[in-house]
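Peer 1: After the structure tokens below, expect a handful of questions from me.
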Amino acid sequence: MAYDYAYIEGYDLQPTKSVVLNISHKQRKQESNNQTFKMGPNDMPSIEKATHLGIIRTTSLKGNMIVNVEENIKKARRSAYSLLGGGFHGLNGLDVETMVHLYKIYISPVLLYGLELILPTTSSLTLLENFQNKLLKQILSLPTCVADITVNILTGILPIEAQVQIRALGLLVFNNICNQPDDSVEKSLAKRQLIIKNDESSSWFIAIKHMLRKYDLQEASWYLNNPVKKTVWTSTIKNTIYNHWNRSIVQFQPLYKGLNFLTTEHLRTGNIHPLFKINCHSTIDTSRLPVKLKLLTGSYILQSKRIRMYKDETDPKCLLCAKEEENIEHFILKCESLRIARNAILQEITTTLNAMGIQFDELSTNEKLQHILDLTPIAKAKKLSPVSVVQIERLTRRLLYQLLIARYKMVCGQ
């Protein structure tokens, strides 16, 4: 039929792109499914894999998913490598806010391309999630052992599963079908699939039905009969999915002891952590940020953390003063061996905060650590000016960096 139409219209079909994929069905494995099709007088070649609009098609749904996920990861990795020359790397690279923005614009679309149609299963989602978390941890200069939800909190980027579901529900797929005329092929197919397929089916429309139920939305058939405007639908889907995953992340955060001082208020809007929006983007400030991030996320290895890994082989006491257990409180505020590196900068922080109406010396230990590690919730509550926040942020980054250097020199000199 396509050949005849092309002949009437006066153009030739591309023979190398006109191929046959004999789709195999899991319930009909014993049946021969190899059929021959002709394009004019010639037989069309029967192949195992073909690419159409950037999406690879194979002879099985599982094969489609595996091949496309692997290809997307490969392409996303190449996209990341192409940005390395521009400073897209953690150490001595661009500021974090810029790198996260580059990831969202140039890498994430490549990684997720076409997945709203394929809808990967758990194993494939894990591969995609591992790639995203590893890359984001690298640009944040965090070790791979840090909790994965830390990446979501700091960058405001949702897990891969949530991003795929937003694309499948909220962008240009399901809602477009709902807004088509009732006699359209796509809408008729959707209604038919939802009626005859059971909940265990691998049908795309059944997967959409499960997603809608997961987020406590109306049934898929209801939206087909009551189409929603695209702008309202997109906003509703994004807000619903963001709220669902943000609640989940906030609920899991207390299970990780190292994340006590990491705020999550910004998660409601899906934005990057406000710590990265503070105007401290000089080369020196950027180079000092990784030290603060490791302490803020509990991934900096002090003796109290090392003993949990090596147990009897490690003494939890401070390697410098040998008086107390070396935890984050001892390292930043109490270690006598670090007082020379600490006192002058800490006094400057105290004086600056006092001028802003915050009596630093009267605060509890946890409150002091909160001011040093992440000032953003206090700045919002106290309505501090951006200039004041920048001033304190630079001092705290300098303090933590100097403590790190002093500790490193003393430990290596022992």
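The values are calculated or read from the model by the stated rules, or taken from the named source; none is laboratory data. What you see is a predicted model, and the numbers here were worked out from it, not measured in a lab. Here Cβ is always computed from backbone atoms with ideal geometry, including for glycine, and neighbour counts include all displayed protein chains. For accessibility, only protein heavy atoms count, side chains too; no ligands or nucleic acids. Shrake-Rupley method; radii C 1.70, N 1.55, O 1.52, S 1.80 Å.
Peer 1: Report yes if some residue within region 49-64 is part of a helix (DSSP H, G or I), under 27 Å from Thr286 (Cα atoms) and open to solvent by 60 Å² or more (accessible area, probe 1.4 Å); otherwise report no.
Peer 2: Looking through region 49-64, none of the residues is part of a helix (DSSP H, G or I), under 27 Å from Thr286 (Cα atoms) and open to solvent by 60 Å² or more (accessible area, probe 1.4 Å).
Peer 1: I need the full set of residues from region 254-277 which are over 15 Å from Leu373 (Cβ atoms) and either polar (S, T, N, Q) or touching a Phe, Trp or Tyr at 6+ places or on another chain (Cβ under 7 Å) (or both), in order please.
Peer 2: Scanning region 254-277 gives Thr269, Gly270, Asn271.
Peer 1: Which one of Thr236, Thr283, Thr314 is within 23 Å of the chain's Cα centre (by Cα) and either modelled with pLDDT of 90 or more or among the hydroxyl-bearing types (Ser, Thr, Tyr) (or both)?
Peer 2: None of the others qualify; the one that does is Thr236.
Peer 1: Still on this model: Considering only region 211-230, how many residues are in a helix (DSSP H, G or I) and farther than 15 Å from Ile166 by Cβ?
Peer 2: 7
Peer 1: Here is a follow-up. Find the residue count for region 349-380, including only residues that are part of a helix (DSSP H, G or I) and open to solvent by 80 Å² or more (accessible area, probe 1.4 Å).
Peer 2: Within region 349-380, residues that are part of a helix (DSSP H, G or I) and open to solvent by 80 Å² or more (accessible area, probe 1.4 Å) number 6.
Peer 1: Which pairs do you get when a residue that is more than 14 Å from Met410 (Cα to Cα), found in region 318-344, comes within reach of a residue that is of a type in the set (Ser, Thr, Tyr) and open to solvent by 40 Å² or more (accessible area, probe 1.4 Å), reach meaning Cβ atoms under 7 angstrom, with the pair 6+ apart or on two chains?
Peer 2: Glu329/Thr365; Leu333/Thr365
Peer 1: Then there is this: Tell me yes or no: at least one residue of region 171-188 is within 30 Å of Pro274 (Cα to Cα) and open to solvent by 30 Å² or more (accessible area, probe 1.4 Å).
Peer 2: The answer is yes; a qualifying residue exists.
Peer 1: Could you tell me whether any residue of region 47-60 is over 22 Å from Tyr113 (Cα atoms) and modelled with pLDDT of 70 or more?
Peer 2: Scanning region 47-60, I find at least one residue that is over 22 Å from Tyr113 (Cα atoms) and modelled with pLDDT of 70 or more, so the answer is yes.
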